Amino acid sequence: MDFSKYVVGIPMASMKMAMAPAVLAQDRIIKLITLPSFITDLADGLYAAGTEAKAAGDKLIGEGGNPGVRGTLSSSADSIAGIVESLQKGVRLLNDATESVAKVPGMTNTSTRLKEAGKPIFDSTSHLGELSGSMNDLADTLASVGESLERLGDHLHHIGEHARSLVASPYELR
């Protein structure tokens, strides 16, 4: 395109003065030109981060028949609680046997040894019970983290879509 017909009669000094701000702001103008591409990349990154956050939340909470980490921990805690009940029943039976043996003349030492043998089992049931409770607490905490991650994912999706809409023409909106 020939611009000479537009600038005929305009003094060169005036043209230089008119162009000076554009020349001085050249770096800023280039940055402004690349801004839509940057915003699009940022929007895509936010949307992808949202997808990852939601997926992590789903893994913690579980979805679609998958129990997730929460379900697995809860199930394990329930199994340990079942073991505790069985061991407690065994300790009660052992104590009953100890009392019965103590009534037999000459079996006091045997009764004492049986009672001593039951103590480690009883202690184990206490520790296993605490472990079961801690696992349930951990499962609840992880579920809370999972729910937070899912909400974060939703927010990141929304922000990504909004940022994308800022630079898209009305015909390009996805």
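The table below lists the values:
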{"quantity": "Only one of 77, 102, 97, 56 that is farther than 21 Å from residue 133 by Cα and in contact (Cβ under 8 Å) with a residue 40 or more places away in the chain", "calculated": "56"}
{"quantity": "Checklist (1) under 26 Å from the mean Cα position of the chain (by Cα); (2) assigned to a loop (DSSP other than H, G, I, E, B) applied to residue 54, failing item", "calculated": "(2)"}
{"quantity": "Extreme residue, surrounded by the most Cβ atoms within 10 Å (Cβ to Cβ), among residues of region 17-70 that are under 19 Å from residue 144 (Cβ atoms) and of a type in the set (D, E, K, R)", "calculated": "70"}
{"quantity": "Where a residue in region 162-174 is surrounded by 15 or more Cβ atoms within 10 Å (Cβ to Cβ) and modelled with pLDDT under 55 and its partner, wherever it lies, is among the hydrophobic types (A, V, I, L, M, F, W, C) and assigned to a loop (DSSP other than H, G, I, E, B), with Cβ under 9 Å and at least six apart", "calculated": "none"}
{"quantity": "Residue count, region 144-168 (criterion: under 24 Å from residue 61 (Cα atoms), of a type in the set (A, V, I, L, M) and out of contact with any Leu (no Cβ under 8 Å at 6 or more places or on another chain))", "calculated": "1"}
{"quantity": "Test set (1) modelled with pLDDT of 90 or more; (2) within 30 Å of residue 128 (Cα to Cα) - residue 65 fails condition number", "calculated": "(1)"}
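Yes/no per residue for (1) among the polar types (S, T, N, Q); (2) assigned to a helix (DSSP H, G or I); (3) touching a Gly at 6+ places or on another chain (Cβ under 6 Å); (4) on the phi < 0 side of the Ramachandran plot:
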| site | (1), (2), (3), (4) |
| --- | --- |
| 97 | no, yes, no, yes |
| 100 | yes, yes, no, yes |
| 132 | yes, yes, no, yes |
| 139 | no, yes, no, yes |
| 146 | no, yes, yes, yes |
| 152 | no, yes, no, yes |
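The values are calculated or read from the model by the stated rules, or taken from the named source; none is laboratory data. If you're wondering where the values come from, they're calculated on a predicted model, not measured in any experiment. For neighbour counting, all protein chains shown are included, and Cβ atoms are generated from backbone atoms with ideal geometry for every residue, glycine included.
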